[in-house]
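The values are calculated or read from the model by the stated rules, or taken from the named source; none is laboratory data. This is a predicted model, so every value here is computed, not measured. Positions of Cβ are generated from backbone atoms using ideal geometry, with glycine treated the same way; all protein chains shown enter the neighbour counts. What goes into the accessible areas is simple: the full protein's heavy atoms, side chains included, and nothing from ligands, DNA or RNA. Shrake-Rupley method; radii C 1.70, N 1.55, O 1.52, S 1.80 Å.
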Amino acid sequence: MFEKVLTRNFGLPRSESIGVYIANGGYQALPKALHECDPEQLIEMVTASGLRGRGGAGFPAGRKWGFMPKGSDIEKYVCVNTDEGEPGTFKDRELVEKDPHQIIEGVIIASYAVGAHRAFVYIRGEFFLGVKRWIKAIDGAYAKGFLGKNILGSGFSLDLSVHRGAGAYICGEETALIESLEGKRGEPRKKPPYPASVGLWGKPTLVHNVETLANIPHIINRGAEWYSSIGTPKSTGPKIFCISGHVRNRGIFELPLGVPLREIIYEHAGGMTFDKKLKAVIPGGASTPMLTPDQVDTPMAFETLEEAGTMLGTGAIVVMNEDTCMVDVARRLMRFFAHESCGRCTPCRTGTQRMLNILERLEAGQGKAEDIETLERTARKIQGLTFCPMGDAAINPVLSGLKLFRDEYEYHVTHKRCPV
Amino acid sequence: MAMVNLTINGQKVSAPPGSTVLQAAQLANIDIPTLCDHPALAPLGACRMCLVEIKGQRNLQPACTFPTTEGMDVQTESPRVVVARKFVLDLLFAERNHYCMYCEMTGDCELQALGYRYGLDHWVYPTYTKRFPVDATRLYFLMDHNRCILCRRCVRACSELVANHTLGVRQRGAESMIQADMNVPFGESTCISCGTCLQVCPTGALVDRRSAFMGRDIETEHTKSTCSHCSIGCGVEMVTRSGNVLRLEGDWDAPVNAGVLCQAGRFDPLYDERERVTKPLVRKKGELKETDWDTALQAVAKGMKGTKAQKLGVLASTYATNEALYLLRKLFSQELKVSNLGLLNKVAPVISDQGSLADIAESDIILVVGTNPVNDQPVASFFVKRAVDKGARLIVVDGKDNGLVPFAYMNLEMKEINRAVELAERAEHPMVLYGAGITKNAATALKKLGEKASFVALELGVNTRAAAALGLNNGFDASAAQALYILVGEQDLDGAPVLQKVGKDAFVVVQASFKSPLTERADVILPMAIWSERAGSLTNTEGRVQKANKAVEPKGEAKADWEILSLLAAKMGKKLGASLDDLSALAAEAIRPA
């Protein structure tokens, strides 16, 4: 049985309070990091642990820290990305609501490692309880001297505050988050320069997902070796999987990376509801291509899913049974992407809208044979053309749907209705 | 500086470090199509028209934002690029209403030109799916959202060039719309109708009301000139067709304004409804009668010659050309020895000569003293607001109603000038903009800043600097004049203060373009050409001498201001230079500070 790391306190009463966190071994990594390690050692440790970003792209955290310019004379910032918006993902919210101090400890250590004295929490505006818990947790940390001036007598100071977003999916993208944090319209910036060199207010900025930061205290406490022993060689550590759709136990499960998809669906999530047949699985959130039942033994790790033609993304598993109309799935997801496109670049702004129109037509039984071709051509042309990766994300549901379930699209055209 | 070497379409190109692929291509005369990019604006990379194929890059990259690196291999028209551009055009043409034959901009539209270039002959996606509003609440130009491609040139022009920040984008995705302020009609917004957005719009989304449907660009003529509104001296381009000025555009190559204009420079001159004087008029038996030039000039010469020099008076507008002001001084002050000379406008005292408008951008503290550029020299206010955006501190030493007060760090009264001077002394690059409203004490206090600060006077008349340099401003007394020569020119003036003092029997000659109370009183009226009808040169507040050109023929028998004075001099037997070029050179020589 896998020993829970990130969610170990979730079952405790008042798990969000600082007292419960400290009573269960919290804030022990912090003095260790501040008194016993210098920033270089911390960066090395995180690099050795093999921790990869949990926000979707899976970028190695240690390398990201290493990109930050050295030197104490440079003003630097750390941003905590709590703008969880990928359909099917609900792990960050749980982390913030149930164990925010774990993240704060991670933020302090990360800020110390990169030399930042100001950190910001950017949280989704709709996370009402999350905002409250963040603020309360930060207050608690200040009261105990974990935040503020001269933390634990180490001479290191850090201020942390909460900024509420206005509810745009695109603000989960790090440069759009920075724009929004600056008070501007949430739209991505052009890269390069990357935030590690020019970020918030033009200063080097480290942007991390909540779950990534929550891992940091454990790496410091128990060592990089212990951490990298969890999971697969290329995808180390525990991961919170969010499972939703047609399974008996929907919710979050903390499991080591590399756990087979079958185990998650049939053991942890209790199998398919009403024992229906599995039709398709979205393994990592709305923007990742789907998997079919014959791929259900794929281990849930960055590299294995990439081999299977999809992505781990945020680890949001959406399970669909045999009664699911795949055109409707694509339509729903496309409606999300068309709605969330920032409107800056042409292919994403109007391309998603065009694909949505076609999908709506098909679903309504008014589609023509050439519509499927236009849909596929549009999706393929958008690929690689957009300003930010969102355009590439938006076409995945369509392209993977057409690849795996083209007959269902054609059925909609020929029979003017759903096959299911 | 080491250049970056790269290959574009097999051609070796070297570009300065830091340049984008697009800039490198432009240096080598390789054309990469753009829509959202504009040379005067920061690149955005939004429209995806300028995508190019770069060896080693998985995806196509926008040339407008992608930096050049040594050894880069770029293809600008590869099959993959052409497919992508066509796709972008397919999407753009179908997004809103781009039905070219009904559009005012047909033939001049950048989107349409690209449609032709990439052979768009049908719509791939259904179009006209949605109707968008047309906002016609502004007086001079309207916004048709149906033609908008959301390239955001207007938004960037409004914030980067004018620093007015009126325009923005509301909603997101396909619902995105250009809006003013918090979505109010343009006419009710903070828009100042400078028309910079109109000038950068690549499609027919922003349409000038006056020149709409008056002809395509190819059917018009463009004449570069200098704006005759204020002492900034912005470069303009007059767009004319069949002897009519259709519209004014900012000249992108102009040294002072670099393409930006204000409402007073771009629109107001074309909406002038004052009645023109088109023929010479001479008063006979108490009534003004039309006559020919010869008779009129003869009458003036007779009146002037019959009066003693001490009893002669000359009043000049600061809106006249260098040549006219030079002739006025030469003829009256030097030849006829008249000492009673004056100007129709108040002139700011010269504090210091060092400084140019370009210094505003470099300054860290800006003092605006006794002048309201928002009303009088709007383009200068754009420069100030741009500097404030960049972090400069603005101190307005003027009334609370000064238009720059909302942008100011501090608003002081004229008697508190020393506080402003103290703050400016601590800055690295202080800038002082002052106008005729400055008091003597304030001017003395500002002198303390000395060499450290840049000083620029913001004057009302376009040619105030030349008029002051020519010494036409030495305490005019209307009551002392028995014969009076008034060069009103184009100035909008009721002339009441002058008329009250002028004696009943005085002989008054008015050289003017428009009818006014002054022309009512005149004994002789000499019809003068306006800004679009005359050539000459103008001196801006920095002392920069710029050419004004003629785009259309004068109305009726009107003549250029300097031509009238030259003819008058000849009538009085004085030869004062013949051709315009000779006069310009003589005038420039006379104006140049010793």
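Please list 3J(HN,Hα) in residue order for segment B:129-139, calculated via the Karplus relation 6.51 cos²θ - 1.76 cosθ + 1.60 where θ = phi - 60°; whole Hz, with x for glycine and proline.
Per residue, the Karplus-derived 3J(HN,Hα) values read 7, 8, 9, 10, x, 10, 9, 10, 7, 8, 5 Hz.
Among B:134-141, A:212-219, how do they line up by average Cβ neighbours within 10 Å per residue, starting with the highest?
In decreasing order of mean packing, B:134-141, A:212-219 become A:212-219, B:134-141.
So what's the back-of-envelope 222 nm ellipticity for chain B, counting only DSSP H runs of four-plus at -39500 (n - 2.57) apiece and dividing by all residues, rounded to 500?
-6500 deg cm²/dmol
In the full protein assembly as shown, how much of B:Asp581 is accessible to a 1.4 Å probe, in Å² to the nearest 10?
That residue has around 100 Å² of solvent-accessible surface.
Give, as a single signed number, the net charge of other residues whose beta carbon lies under 14 Å from the beta carbon of B:Glu553, with Lys and Arg counted +1 and Asp and Glu -1.
My count for the surroundings of B:Glu553 gives +2.
What ranking, highest mean first, results for peptides A:414-420, B:538-544 when packing means the other Cβ atoms within 10 Å averaged over each residue?
B:538-544, A:414-420
Sort B:Trp123, A:Trp65 from largest to smallest accessible area, using a 1.4 Å probe on the heavy atoms of the protein chains.
Correct descending sequence by accessible area is B:Trp123, A:Trp65.
With all protein chains present, how much of the accessible area of the protein assembly as shown (probe radius 1.4 Å) comes from carbon and sulfur, to the nearest whole percent?
C and S fraction of accessible area: 51 percent.
Can you tally the net charge around B:Lys452? Count Lys and Arg as +1, Asp and Glu as -1, for every other residue whose Cβ sits under 11 Å from the Cβ of B:Lys452.
-1
Send over a whole-number figure in Å² for the accessible area per residue of segment B:305-459, probe 1.4 Å.
With all protein chains present, segment B:305-459 gives 42 Å² per residue.
How many Å² of accessible surface get buried when B and A come together, counting both sides, probe radius 1.4 Å, rounded to the nearest 100?
So the buried area, both faces added, is about 2500 Å².
How would A:Trp134, A:Trp226 line up by accessible area, probe 1.4 Å, largest first?
A:Trp226, A:Trp134
What does the accessible area per residue of segment B:19-129 come to in Å², with a 1.4 Å probe and no ligands, DNA or RNA counted?
With all protein chains present, segment B:19-129 gives 43 Å² per residue.
Given the options A:Gly85, A:Gly155, A:Gly245, which has the most mean-square fluctuation in a GNM of chain A, springs set between C-alpha atoms less than 10 angstrom apart?
A:Gly155
Where Lys and Arg each count +1 and Asp and Glu each count -1, what net charge lies around B:Val82 among other residues with Cβ under 14 Å from its Cβ?
Its environment carries a net charge of +2.
So how do B:47-54, B:5-12 stack up, highest first, on mean other-Cβ count within 10 Å?
Top to bottom by mean Cβ count within 10 Å: B:47-54, B:5-12.
Please label the shape of segment B:357-458 as rounded, prolate or oblate, based on the square roots a ≥ b ≥ c of the eigenvalues of the alpha-carbon gyration tensor (a/c under 1.5 means rounded; beyond that, a/b larger than b/c means prolate, else oblate).
rounded
In chain A, which helices (entire DSSP H runs) extend 24 Å or more along their own long axis, judged by Cα positions, while averaging at least -1.0 on the Kyte-Doolittle scale?
A:346-363, A:390-415
Apply the a/c threshold of 1.5 to the C-alpha gyration tensor of segment B:366-415 and tell me whether it is rounded, prolate or oblate.
Cα axes put segment B:366-415 in the oblate bin.
Averaged per residue, what accessible surface does segment A:238-319 expose to a 1.4 Å probe, in Å²?
For segment A:238-319, the solvent-accessible area averages 34 Å² per residue.
Hey, got the average number of other protein chain Cβ atoms within 10 angstrom for residues in B:86-98?
4
Nearest 500 deg cm²/dmol is fine: what mean residue ellipticity at 222 nm does chain A get from its DSSP H runs of n ≥ 4 alone, each adding -39,500 (n - 2.57), divided by its residue count?
-13000 deg cm²/dmol
Springs between alpha-carbon atoms under 10 Å, Gaussian network over chain A: tell me which of A:Asp371, A:Asp407, A:Asp159 tops the mean-square fluctuations.
A:Asp407
Other chains' Cβ within 10 Å of B:169-182 residues: what's the mean?
Partner Cβ neighbours, averaged per residue: 4.
List the residues of segment B:68-107 whose backbone N lies under 15 Å from a point placed 7 Å from the Cα of B:Phe132 along the Cα-to-Cβ direction.
Answer for segment B:68-107: B:89-100, B:103-105.
From the square roots a ≥ b ≥ c of the eigenvalues of the alpha-carbon gyration tensor of segment B:66-225, which class results: rounded (a/c under 1.5), prolate (a/b over b/c), or oblate?
rounded
How many Cβ atoms of partner chains, on average, are near each residue of A:335-347 if near means within 10 Å of its Cβ?
For peptide A:335-347, the averaged partner shielding equals 6.
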